[in-house]
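Chemist: Before I ask anything, let me first share the structure, which is written out below as structure tokens.
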Amino acid sequence: MTDSLTPRLALPLLAAGQAQKEMSHNEALARIDMTLHGNIIAADAEIPPGAPEPGQCWILGSVPEADWAGHPHELAGWTGGGWRFVAPCEGMRLWLGINGGFALFSGGEWRLGDAYGRLIVAGEQVVGPRVAAITEPSGGATVDAEARATILAVLNAMREHGLVDAG
């Protein structure tokens with residue numbers, strides 16, 4: 001990374017006395033437009049589309065081809081000036097659409113549809129990783145030890161997920 005680029009998104013910085021400042025400025029705006037509240041057409045894409053529209057973006061797969069070659073796992077966006085690429089940085093999050101949820105770049109890879117593995121509300125974890133299934137009771141129609149054990153297992157699971165206080 002040079003002093004003429006920002007450290008996270010490699011946005012070009014203006015230099016004092018620089019001629020044609022609009023080129024650096026416009027490049028930075030194009031990259032910001034791709035990454036700020038990004039809306040992704042497809043993830044793990046390998047082949048560029050035939051007729052992209054300005055503003056459309058793709059998360060590239062591990063072996064992209066043609067115009068995308070040499071940009072694995074990067075964000076590719078089509079602009080009036082052609083393809084722009086942004087290398088993902090830790091914590092980058094992009095929208096995959098209503099059925100896909102979010103793509104999160106973490107640990108050097110894109111995690112598709114995986115929000116975070118837990119949900120924090122008001123500083124408290126309320127949902128965590130899924131636990132083993134709870135066995136349904138089978139037996140009589142009256143309250144018995146098996147039913148009580150199942151109810152206790154449900155309560156313990158809810159407590160573990162932070163949905164019910166441990167009391």
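The values are calculated or read from the model by the stated rules, or taken from the named source; none is laboratory data. Values in this document were obtained by computation on a predicted structure and should not be read as measured data. So basically every Cβ, Gly included, is an ideal-geometry build from the backbone, and we count neighbours across all protein chains shown.
Chemist: Please specify each residue of the stretch 61-115 satisfying the condition of being under 17 Å from residue 38 (Cα atoms), of a type in the set (Phe, Trp, Tyr) and buried (at least 19 other Cβ atoms within 10 Å of the Cβ).
Modeler: The answer is 78, 105, 110.
Chemist: Turning to a different aspect of this structure: Within the stretch 146-165, count every residue that is touching a residue at least 12 places away in the same chain (Cβ under 8 Å) and part of a loop (DSSP other than H, G, I, E, B).
Modeler: So the count comes out to 3.
Chemist: Can you name the residue in the stretch 31-82 that is of a type in the set (Asp, Glu) and free of Cβ contacts under 8 Å to residues at least 24 places away in the same chain and, of all such residues, is farthest from residue 107 (Cα to Cα)?
Modeler: By that ranking, first place goes to 67.
Chemist: Quickly run through the stretch 57-72 and pick out the residues that are of a type in the set (Val, Ile, Thr) and over 19 Å from the mean Cα position of the chain (by Cα).
Modeler: 63
Chemist: Can you say whether residue 87 is in the same structural domain as residue 107 (by TED's automatic domain parsing), under 23 Å from residue 110 (Cβ atoms) and free of Cβ contacts under 8 Å to residues at least 12 places away in the same chain, as far as the supplied structure shows?
Modeler: no
Chemist: Sort out which residues of the stretch 30-52 are at pLDDT below 90 and exposed (fewer than 12 other Cβ atoms within 10 Å of the Cβ), and write them in order of number.
Modeler: 36, 37
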